[in-house]
Amino acid sequence: MKRPFVVVLLYLVSAVLCGACASLTSKQENESPLRVIDVHTHADFSGKQEETSGILQTREQFVRELKEAGVVGAVSHSPQGGGSIDDSLKSEGVIHCFGVGAQVTPSKVEVGLKSGRYGCIKIYLGYVHRWAYDNEYRPLYRLAEKYDVPVVFHTGDPYSTKAKLKFTDPLTVDEVAVDFPKVRFVIAHCGNPWHASAAEVAFKNPNVYLECSAFLIGDLTKYSPEVIDRHVVQPISWIFSYVDDPTKIMFGTDWPLVGIKPYLEVYKRAIPKADWPAVFHDNAARVFKIKR
Ligand SMILES: [Zn+2]
């Protein structure tokens, strides 16, 4: 009679202890803040208010928004031609993409990649009237492979009447994804509104990733919940489901066109909570090699 009693007692004690452990672990998980990387920002500080969002384009405002949203790393896309970049943002975990303009200068891009000043290449499809697979761009893909950095394409609506839409359909990213299988390509804006093209290109190619920034821009409090749901939550949710691989989608805003925290809160609603660490941090850390 003694032996079963001891076994039952041990079982009860371990059950109580394990229960305590489990509740402690889940409490810690609940309490630990989500670490976020925003892979689409424009850290150009004119000091003026952005026209659509009203956000003040200053370093102080940018850093404040990063901290408010729990952002531990970000990717800043420099304007076409490179522009001037704020190297001091490195301390905030910000890396810079070299923005390629109509004049393609691989030697200049290589200097930036070699020195580590730039950690990615941004190609402005549509703004520059050239296909992703244009021969002018091919030396840049070879550089991306050599320096192991990703290439980001603007895709989808260009927010400019001078851009040409035929170049911005993300379907053409498939061409370079196949020709340069060792390069990581990122489809910015998930091709909005060509979500199906973007989702299929990422689904089919192991080296293509997505970020769904700027589905709506401006002050999000001015949109009805229905509009936010239809134009941001539902499309991202569909893309996530179609791609069927939580390692393929990242978080991006397009700051200062939209506030970081408001966009993050909406984006979270489209992604299952279990996949938040991957989508909001880990995938970007891996694709852009951001270490913090
Ligand atoms: Zn942008």
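The numbers here are math on the coordinates, done by the rules we state, and not lab data. Note that the coordinates shown come from a computational prediction; the quantities given were computed from them, not determined experimentally.
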(request) Grab every C-alpha pair in the chain, bin the distances at 10 angstrom width from 0 up to the longest one, and report whole percents. (result) 6, 28, 34, 18, 6, 4, 3, 1, 0
(request) Please express the shape of region 148-288 as an equivalent ellipsoid: the semi-axes are the square roots of 5 times the eigenvalues of the C-alpha gyration tensor, given largest first in whole angstrom. (result) 23, 18, 13
(request) Name the helices (complete DSSP H segments) of the chain with a Cα length along the long axis of 27 Å or more and a Kyte-Doolittle mean of at least -0.5, or state none. (result) 2-31
(message) Debye calculation, C-alpha points only, no solvent: report log10 I(q)/I(0) for region 56-206 at q = 0.08, 0.09, 0.10, 0.20 Å⁻¹, in the same order as the q values.
(response) -0.22, -0.29, -0.35, -1.29
(message) Beyond a 31 Å Cα-Cα separation, which of these cross-linked pairs lie in this structure: K261/K291; K166/K273; K108/K261?
(response) K166/K273; K108/K261
(request) Send over the Kirkwood Rh of region 78-132, from the inverse of the averaged 1/r over different Cα pairs, rounded to one decimal Å. (result) 11.7
